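Here's the structure, in structure tokens; my notes come after.
The values are calculated or read from the model by the stated rules, or taken from the named source; none is laboratory data. For clarity, every value in this text was computed on a predicted model and none was experimentally measured. When we count neighbours, we look across all protein chains shown, and the Cβ atoms used for this are built from the backbone with ideal geometry, even at glycine.
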Amino acid sequence: MVNRGSNVKISSSHPKIRVITSEVKLLVDDRGETGDILHKYITIEGLEPNIEGVITASVGNRLSQVRVHVVPEKEFLYEEGMVFAPESITLRPNQPRKVNLLVYVKMIEGGSGVSITSDNNTVHVSKEKIVVDDRNAIRHVVKYELEVWGDGPGQDAIITAEFGSYVALLEIRVRSKEEEDEKNRQGMFSDPEFDMETKDPPLRSRYSKETGKIMIYVQFLSVKHYLGESCQYKKTLVGQVLIADLVAERCFWEIAQKKVDLSGVLINPAGRLDKIQSEANKLSSKYGKKIHEALVDQGVLAAHLSSR
């Protein structure tokens, strides 16, 4: 669809998000790893925190866009100790991609061993452990390059980097080009399933490790109040917000529970629940807004806010 020999123009909508690679040349003799698909990398630089813009790649009348957020280091790293960059990625089956793990050595000191695990045995990461070397730090941050890949399409995984109480999460989706659907781009936080038959359910929601899906019990009274008995109101703004809350609440609890149970620290049952809740609250603070942005139609939200 885009001929070899073309020049792809790269531009930014924000003057403080600088495009270093302003043009990508598709050479006549370029050969892609997967036939007619060519992989090209561009470099952009955020010059100021707390801004966002749109990066556009265009050739002729064809274009593709991505929204870029410039987050202050203090917000995503200095308070967390370490973070994956990016924090979410989509892979093609059996095609490795590189991600970075950034470690703040003032919180996670040199010599510390960071363990890296995947919660899906079909999704892999190139290293299971990293020993932090603070001699390689730049402004107290050391960067480790990792490769991640998935064996087949339709897989979702969470890659977890852990050291003590510090944790960083990388969400991975493995999708073939044909099956990649924008509605399902959130992986573990995708649209849930709804149970409208179970009467008097004991919980509002449940997470299935087998399917990786959240099940929402519609007949739970506080859920039915907003979604309706047959889920007829789930597309309303209040319905979308409730669903996003339920999905985030259940997933954060499951991730926190796994982290606590794998820590190897022996604590009494009450202390275990308190620890899980504390970890879930940390995850909610860090990722909750992203989940709502993904699962709540931002156009509906904007229209509601502008009408008030």
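Just name the residue that is farthest from E109 (Cα to Cα) out of those in region 130-144 that are in contact (Cβ under 8 Å) with a residue 24 or more places away in the chain and among the β-branched types (V, I, T).
Among those that are in contact (Cβ under 8 Å) with a residue 24 or more places away in the chain and among the β-branched types (V, I, T), it is I130.
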(request) Kindly indicate which of I158, I116 is assigned to a strand (DSSP E or B), touching a Leu at 6+ places or on another chain (Cβ under 7 Å), crowded, with 18+ Cβ neighbours inside 10 Å and not assigned by TED's automatic domain parsing to the domain that holds W253. (result) I158
(request) Of the conditions (1) farther than 19 Å from A294 by Cβ; (2) modelled with pLDDT under 90; (3) surrounded by 18 or more Cβ atoms within 10 Å (Cβ to Cβ), G152 clears all except one; give me its number. (result) (3)
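Looking at I37, I51, which is the one that is farther than 20 Å from M1 by Cα, surrounded by 10 or more Cβ atoms within 10 Å (Cβ to Cβ) and modelled with pLDDT of 80 or more? Break it down stepwise before answering.
Working: I37 fails: farther than 20 Å from M1 by Cα.
Being farther than 20 Å from M1 by Cα, surrounded by 10 or more Cβ atoms within 10 Å (Cβ to Cβ) and modelled with pLDDT of 80 or more holds for just one of I37, I51, which is I51.
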(request) Could you please find all residues in region 203-212 being modelled with pLDDT under 85 and buried (at least 16 other Cβ atoms within 10 Å of the Cβ)? (result) Y207, G212
(request) Please verify whether region 186-202 includes one or more residues that are more than 16 Å from the chain's Cα centre (by Cα) and modelled with pLDDT under 80. (result) no
(message) Contact list please: Cβ distance under 9 Å, first residue in region 157-168 and more than 14 Å from E279 (Cα to Cα), second residue surrounded by 20 or more Cβ atoms within 10 Å (Cβ to Cβ) and of a type in the set (D, E), pairs at least six apart or on different chains.
(response) A157/E171; I158/E171; I159/E171
(message) Take the conditions in a loop (DSSP other than H, G, I, E, B), of a type in the set (V, I, T) and surrounded by 14 or more Cβ atoms within 10 Å (Cβ to Cβ) and apply them to I108. Does it pass?
(response) yes
(request) Answer yes or no as to whether E249 is closer than 30 Å to E197 by Cβ, exposed (fewer than 15 other Cβ atoms within 10 Å of the Cβ) and either modelled with pLDDT of 80 or more or hydroxyl-bearing (S, T, Y) (or both). (result) no
(message) Given (1) surrounded by 13 or more Cβ atoms within 10 Å (Cβ to Cβ); (2) farther than 23 Å from A168 by Cα; (3) touching a residue at least 24 places away in the same chain (Cβ under 8 Å), identify the lone condition not met by S230.
(response) (1)
(request) Among the candidates E249, E254, single out the residue that is closer than 22 Å to T117 by Cα, acidic (D, E), assigned to a helix (DSSP H, G or I) and in contact (Cβ under 8 Å) with a residue 40 or more places away in the chain. (result) E254
(request) Tell me which of these W253 doesn't satisfy, since it passes every other one: (1) among the aromatic types (F, W, Y); (2) under 14 Å from V296 (Cα atoms); (3) within 23 Å of the chain's Cα centre (by Cα). (result) (2)
(message) Anything in region 267-308 that is over 18 Å from the mean Cα position of the chain (by Cα) and among the aliphatic types (A, V, I, L, M)? List them, or say none.
(response) I267, A270, L273, I276, V300, L301, A302, A303, L305
